[in-house]
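Bear in mind these aren't lab numbers, they're just calculated from the coordinates by the rules spelled out. Quantities reported herein were computed from a predicted structural model and do not represent experimental measurements. Because the Cβ atoms are built from the backbone with ideal geometry, glycine has one as well, and the counts that use them run over all protein chains shown.
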Amino acid sequence: MDYFSILVVDDEVDFLDTIVKRFQKRNIDTVGVTSGEKALEAMKERLFDVVLLDIKMPGGMDGIEALREMKKLQPLTEVILLTGHGSVETSIEGMKLGAFDYLLKPVKLEDILAKVGEAFEKKNAHEEKIRKAKIKELIRYPSRAFDIDQLKDED
Amino acid sequence: MESPSIEKEHLFSSFQKRIMFLTLTVSIAPLIILGITVYAQFAKYSRITAESQIRYMAQSQAESMDLFFRKQTAILNAMARTHSFDQMVDETFLSQVFDVINYRSGALIDIGVIDVTGMHRAYVGPYDLKDKNYSGQPWFDEVMSKGVFISDVFMGFRNFPHFIIAVRRSEGKHAWILRASIDQEKIEGIVKSAQVGRSGDAFLLNRDGIYQTNPRFEGPVLSKSDIDPRSFGGRMTLVEMTDEKNRPFLYAGSRLNENKWILIVKQAPEEMISGIFEVQIFEIIIITISALAILLTAFFTTRMSIRQLLQADEKASMFQAELLQMDKLAALGKLAAGVAHEINNPLAVILQQTGWIEDLLDEEDVRGSPNFEELQKAAEKIEHHVERARKVVHNMLGYARKMEPRMEDVDINQVLSQTIAFIENYSKTKNIRIDTHLYDSLPVIAGDQSKLQQVFLNLITNSIDAVGENGIIEIISWVDNDHIFVKITDNGPGFDEDVRKKLFDPFYTTKKAGEGTGLGLWVTYNIIDNMGGAIHPESQKGEGAAFTVDIPIIPPATK
């Protein structure tokens, strides 16, 4: 599996700690935080490929609000929503706001990993598309050549 | 305490009585008032008419009488003035005069000439009255002084009722009298023509109240009448009096013969206004018929309205019961959603913790532990039961992942076929045959295929579980009036009314503990309800059960 990074956001500490440990045991670069605000701070520090976001967190910023801010900070990062049954409608709203998909708790780690894998592939494909579009643009407009080095660095 | 239905019936019956009473009062009272008014007016005008009629009769008869007297007096006057005393005392000549007069009028019985001394000097007639002296008679002086005299009716020497007319002739220094007797029947004839109807009477009275003509009902001519002539003071007087039998009568009296006689016309008022009784009867008939018609109309219309009210009331009660049921299900749904969230979060933690245990068990030094397999099995068991709990919660929310109905083109027959194919192996193992009679040209509708699949799967699985082993399940589809119907019938044990009422309640199950969650039909109900449809269960205990799913047709074009 490719190297990728995950940010897990959940106020249920027992769940959060365990899932972070299990991801890390599988050599996945994982960061866990317990609130939307902390998640946004973490995202200001560094890039993540995928965010696992619990949609229903009592107090503070709710999942949908956090999602909106995350998409502003890192538009290419895919967000997978985690939800209990009470908030399926909210999850659908989240999908409309650009979330990749949602998972219903309780969910096995294998299912989470599969979904994360899909999200990662989508992110890669998306980035690939943008890169190709930029190359095309460079061929058409050589004056914008200064971007090429930047693109090369990302590879 | 009375049961509500009896109470309601009582309420409606008193309501009906009140409406009837009001309708009758409001409609019949004016009818009666109108009847009375019309009757009173009619009676008033009838009375006026009757009075003027009787007045007119008395008047015209009196005029006829006056005319008769004037005519007789004029003839006698003419004879006396055109002939001398010497001519008239010649009885042969007088006889000729008598014949001439009687030839014209025929009213005279006899005629005579009386000299100034009162001596009857000449006489023509059937009696022997010549040489009788009248100087002592009161009328002699009157005729000598006034010139004309008409007597009352009397018997006289002749012994039958008659009256006399006498005129005076002054010839030079001496005067003489021409006197004639007139048959009383002549005036009787004139008076009798006013005796009309069954009770009408007409007669002449003199100033002493003696009958001058024969009345129709009372005592003969020349007898004394009960009527007081003084009651008839004026020229024409109308009086209402009772007769000896105490019946009311109208009397119209007209004075004649120099006020000596009164012509009286008598009539029972009710006879004259007999029309009033016809009006009375006619009115009573009309009012009775109208009242009866109003009564019947009021009765039937109130009965009809009450029946409609009862029906509406019944419908309202049914609707209310349905609403209550819906409310109950909605409340339970909310509760279930809350519970689901609260359960799912700890389940998620348990699942992850178990997963972590399994992760750790994977490490080599643990693998060597003698309890390794037991630990691994325990972790698997925990996962299995978390999965079981998760399923319960998922079911409870009606497959929450697809909560939002997706609109796609759905062929119900195809959904049924797929569902049956999916479940066929299961039914075969239990030796249950599934027969299908699907209507060929069911329209394609806009709907959520997977949800409909879930509905049919739940219903068919329930049927299979109800039958148990060795049975038949029949599935029919048809279209009726913008609705598609799917009926699933089994020959299982069926259910009774009590069970039917609770069928769609969540967590209600007739299956053994651990076999059913009691959520299948609840979820099914909610899916169909969301589509605007309905499920009709029907069964008799011991005679199988049938569920008819009613799905409104939403054409794909409008999705």
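At a glance:
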quantity	calculated
Phi-based couplings in Hz for segment B:38-48 (Karplus 6.51, -1.76, 1.60; Gly and Pro marked x)	4, 5, 4, 4, 4, 5, 4, 6, 4, 4, 4
Two-site FRET efficiency, B:VAL479 against B:ALA421, from Cβ-Cβ distance with R₀ of 25 Å, rounded to 0.05	0.60
Net +/- balance of residues flanking B:PRO346 in space, Cβ distance below 10 Å, scoring K and R +1, D and E -1	-2
Cross-link pairs beyond the 23 Å C-alpha cut-off, checked among A:LYS21/A:LYS129; B:LYS8/B:LYS502; B:LYS71/B:LYS266; A:LYS96/A:LYS134; A:LYS44/A:LYS132; B:LYS391/B:LYS451	A:LYS21/A:LYS129; B:LYS8/B:LYS502; B:LYS71/B:LYS266; A:LYS96/A:LYS134; A:LYS44/A:LYS132
Chain B: relative contact order in percent, alpha carbon pairs under 8 Å with at least 6 residues between	9 percent
Calculated from backbone phi, Karplus (6.51, -1.76, 1.60) coupling profile of segment B:106-114 in Hz, x at Gly/Pro	x, 8, 7, 8, 8, 8, x, 10, 10
Fraction of antiparallel bridges per DSSP, the protein assembly as shown only, in percent to nearest 5	75 percent
Segment A:5-119 - charge dipole about Cα centre, Lys and Arg +1 at Cβ, Asp and Glu -1, debye rounded to 20	260 debye
Extreme residue, positive dipole direction of chain B, given options B:HIS437, B:ILE177, B:ILE476 (C-beta unit charges)	B:ILE177
Placed amide H near A:GLY32: partners under 5 Å, 5+ positions off or other chain	A:VAL8
Qualifying GluC sites (Glu not before Pro) for segment B:1-83 [loop in DSSP, other Cβ within 10 Å: at most 13]	B:GLU2
Percentage relative contact order, segment A:5-119, counting C-alpha pairs under 8 Å, at least six apart	23 percent
For segment B:486-498, Karplus couplings with θ = phi - 60° (6.51, -1.76, 1.60), whole Hz, Gly/Pro x	10, 10, 10, 10, 10, 9, x, x, x, 8, 9, 4, 4
Signed unit charges on C-beta, dipole axis of chain B, positive-most listed residue B:VAL167, B:MET304, B:PHE504	B:VAL167
Gyration tensor verdict on segment A:5-119 (Cα atoms; rounded if a/c is under 1.5, prolate if a/b is larger than b/c, oblate otherwise)	rounded
Nonlocal amide H pairs with B:ASP243, under 5 Å, H built at 1.01 Å	B:PHE249
Value at 222 nm in deg cm²/dmol, rounded to 500, when DSSP H runs of n ≥ 4 in chain B each add -39,500 (n - 2.57)	-18000 deg cm²/dmol
Loop GluC sites (Glu not before Pro), segment B:440-501 (other Cβ atoms within 10 Å of the site Cβ: 13 or fewer; DSSP)	B:GLU469
Sequence of A:ARG26, B:ARG168 once ranked by neighbouring C-beta atoms within 10 Å, starting from the fewest	A:ARG26, B:ARG168
Dipole of chain B, positive direction: furthest Cα of B:ILE423, B:GLY147, B:ALA446, with charges on the beta-carbon	B:GLY147
